[in-house]
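**Q** Provided herewith is a single structure, encoded as C-alpha cells, for subsequent inquiry.
The numbers here are math on the coordinates, done by the rules we state, and not lab data. None of the values given here were measured: they were computed from a predicted structure. All Cβ positions, glycine included, derive from the backbone under ideal geometry; neighbour counts span all protein chains shown.
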Amino acid sequence: MLDINSILPAKSMGIGRESDKPGHLLLPLAPNINDKGTVFAGSIFSLAVLAGYEIALERSNQLNLSGNLFLLSSHITYHQPGLSDLIAQGRIIDDLKPTRKSNWKMRIEVEVVEAQSQSLCATFDGLYVLQVENEFNNQPEPDKSEVV
C-alpha cells in the first residue's frame with residue numbers, strides 16, 4: 001500500500017488512513033481550513049486524487065504492472081462545504097485496459113463525505129494512466145473477478 005507520508009503535500013495536509021482498504025483516506029479539518037471555516041476545496045480535490053491514485057496503484061501491483069502512474073483527466077463536483085474531518089472512499093468504475101500507446105488506463109470514482117454526519121461533500125471521477133515499464137504491454141484485459 002502507498003506510504004502516504006512519502007508525499008510531502010499529503011503529509012502537510014495531515015492525510016491519513018481511514019481504513020486498511022486502498023483509497024479509504026481521512027483528511028483532518030484543522031490544517032485544511034479556509035477563511036470561511038470550512039475545508040478548502042483544493043484540499044478536498046487533493047484528497048480525492050490521492051485516494052484514486054492509491055486504488056490505481058494497488059490494482060496495477062495486483063497485475064504485476066509497473067511504471068509511471070498519473071492522472072490524465074478528472075472532474076469533481078462539490079455538493080456542500082466540508083464542516084468537519086473528511087473521509088474519501090474510492091472504487092474502480094472501469095478496470096485497467098490497454099491503450100493504443102501500450103499504456104494502461106482505468107477510471108476511478110471517489111466520494112468524499114463528512115466524518116461526523118456522513119454527508120456527501122464531493123464526487124470525483126478520475127482517469128488514471130499507467131505508462132508501463134515492463135514487458136506486460138501486450139497482455140489481454142485483466143480478469144474482472146480480480147477487481148479490488
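**Q** What is the Cα radius of gyration of the stretch 1-84 over 2.2 N^0.38 Å, N being its residue count?
**A** Output field value: 1.16.
**Q** For Lys11 and His79 in one chain, what is 0.36 nm times their gap in residues minus the Cα-Cα distance, to one decimal in nm?
**A** 21.9 nm
**Q** Order 112-119, 50-57 from most to least packed using the mean count of other Cβ atoms within 10 Å.
**A** 50-57, 112-119
**Q** So, one more: How many lysine pairs in the chain, separated by 8 or more positions in sequence or lying on different chains, have Cα atoms less than 24 Å apart?
**A** So the count works out to 9.
**Q** For Val39, what charge total do you get from the other residues with a beta carbon under 14 Å from its beta carbon, if Lys and Arg give +1 and Asp and Glu give -1?
**A** After counting each charged neighbour, the total is -2.
**Q** Semi-axes of the equivalent ellipsoid of the chain: what are they in whole Å, largest first, if each equals the square root of 5 times a C-alpha gyration tensor eigenvalue?
**A** Ellipsoid half-lengths, sorted descending, are 29, 14, 13 Å.
**Q** Okay, next question. Nearest 0.05, what FRET efficiency do Glu133 and Leu72 give at R0 = 22 Å with Cβ-Cβ as r?
**A** Rounded to the nearest 0.05, the efficiency is 0.80.
**Q** Quick one: length gained pulling Phe45 to Lys97 fully straight, 0.36 nm per residue minus the C-alpha distance?
**A** Separation in residues times 0.36 nm, less the Cα-Cα distance, equals 16.2 nm.
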